[in-house]
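The values are calculated or read from the model by the stated rules, or taken from the named source; none is laboratory data. This is a predicted model, so every value here is computed, not measured. Note: ideal-geometry Cβ built from the backbone for every residue, glycine included; neighbour counts use all protein chains shown. Side chains included, ligands, DNA and RNA excluded: accessible areas come from the protein's heavy atoms. Shrake-Rupley method; radii C 1.70, N 1.55, O 1.52, S 1.80 Å.
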Amino acid sequence: MAARKQLVFVTGNANKLREVQQILQKTPDFPFTLTNKALDVPEVQGTTIDVAKAKCRSAARQLNGPVITEDTALCFSALGGLPGPYIKDFLGQLGVDRLHLLLAGFEDKKATAVCTFAYCESAEAEPIVFEGKTEGRLVEPRGQNRFGWDPCMEVEGTGKTYAEMDSDEKNKLSHRYKALDQLRDYLTKQA
């Protein structure tokens, strides 16, 4: 059997790395060996696609090889899609215990979790983007706070927040799973 090529997942977030590894391990024919590296990549302003492409392009140039990057957004209907890709800063300022207060004055609590993976096969290649979305609503935190805003995102049709789910349940319906499934399918077909 030929040795698998190495694919670098550019992240310093151990929780994201663990979720991606758990999902990809269920694919025996995945053509890469996944490693990770934390890099300083630009956090540009723009759409989820703009942000993902800029991060991936920078990472591929720094590492001169195949890379994937991931960016997560949380979009509130009542706020016209904000905070979107800026959720990390909002969460950092408010904390998970106060995030739900952003929508306190609104009846509409709809939220869309968006995950955008970008893949770049080389420093010269144009990034290819894969996006997954999960609908739900913003709620007061429930469940064990293991990962970002998971306690505040109640997934549509489940009655549970991501934080109230075990990893198998979350990984079957999350925005990250949906985007990663597209990426995995693309890479497997390219091999």
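Quick look at the values:
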{"quantity": "Any hit, the stretch 92-107, residues being buried (at least 17 other Cβ atoms within 10 Å of the Cβ), touching a residue at least 12 places away in the same chain (Cβ under 8 Å) and aromatic (Phe, Trp, Tyr)", "calculated": "no"}
{"quantity": "Some residue of the stretch 45-60 being open to solvent by 20 Å² or more (accessible area, probe 1.4 Å), assigned to a loop (DSSP other than H, G, I, E, B) and either under 25 Å from Tyr162 (Cβ atoms) or at pLDDT 90 or above (or both)", "calculated": "yes"}
{"quantity": "Any chance Glu154 is surrounded by fewer than 16 Cβ atoms within 10 Å (Cβ to Cβ), in a strand (DSSP E or B) and free of Cβ contacts under 8 Å to residues at least 40 places away in the same chain", "calculated": "no"}
{"quantity": "Check on Asp40, at pLDDT below 95, more than 16 Å from the chain's Cα centre (by Cα), of a type in the set (Asp, Glu) and part of a loop (DSSP other than H, G, I, E, B)", "calculated": "yes"}
{"quantity": "Cβ-Cβ under 9 Å pairs, at least 6 apart or on other chains, the stretch 59-74 side touching a residue at least 24 places away in the same chain (Cβ under 8 Å) and among the basic types (Lys, Arg), far side in a loop (DSSP other than H, G, I, E, B) and open to solvent by 40 Å² or more (accessible area, probe 1.4 Å)", "calculated": "Arg61/Glu124"}
{"quantity": "Scan of the stretch 19-37 for residues that are in contact (Cβ under 8 Å) with a residue 24 or more places away in the chain and surrounded by 12 or more Cβ atoms within 10 Å (Cβ to Cβ), ordered by number", "calculated": "Glu19, Val20, Gln22, Ile23, Leu24, Thr27, Phe30, Pro31, Phe32, Leu34, Asn36, Lys37"}
